[in-house]
Amino acid sequence: MTTRLDVKVSPEASRNAVTGWIGELLKISVTAAPERGKANDAVEQLLAEALGLPRSAVTVVAGHTSKLKRVQIVGLSADARRLLAP
């Protein structure tokens, strides 16, 4: 099963964290700078760890140069999907 999720990213934060929901957007903070894909990589890694998935299961598919991104997650269990519900 493939899930798409809209996220708002705060790069160069003091720590990596999934900070909660803002309406339909999941807010994520990462310490990486928004340059050469570093923040996108950090978002993918953080979400994969938080959901207990391999890094390859999470991919930024839209908004590569924006704070607003769409992330595709492959293999998300029903229990983990409920955790993501706003």
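Rule-based calculations on the coordinates, nothing more; no lab input. All figures in this text were calculated on a predicted structure; none of them were measured in a lab. Positions of Cβ are backbone-derived with ideal geometry, glycine not excepted, and every protein chain shown enters the neighbour counts.
Cβ under 10 Å from Gly63's Cβ, Gly63 left aside: what net charge do those residues give with Lys, Arg +1 and Asp, Glu -1? The partial results should precede the final answer.
Numbers: positive: Lys8, Lys67, Lys69, Arg70; negative: Asp6.
In short, +3.
Per residue, the average separation of C-alpha pairs within less than 8 Å and at least 6 apart gives segment 5-86 a relative contact order of 28 percent. Fully extending the segment from Glu49 to Lys27 would add 6.4 nm, taking 0.36 nm per residue of separation and subtracting the current Cα-Cα distance. Largest GNM mean-square fluctuation across Lys69, Lys27, Lys38, computed for the chain with C-alpha springs under 10 Å, falls on Lys38. Computed from the alpha carbon atoms alone, the convex hull of the chain holds 78 Å³ per residue. Here the simple spin-label model places points 7 Å from the Cα toward Cβ, and for Ser10 and Thr59 these points are separated by 3.0 nm.
Rounded to the nearest 20 debye, what is the charge dipole size of the chain about its Cα centre when +1 sits on each Lys and Arg Cβ and -1 on each Asp and Glu Cβ? Numbers along the way, then the final one.
Details: 12 positive and 8 negative charges, 23 e Å.
Charge dipole of the chain: 100 debye, to the nearest 20.
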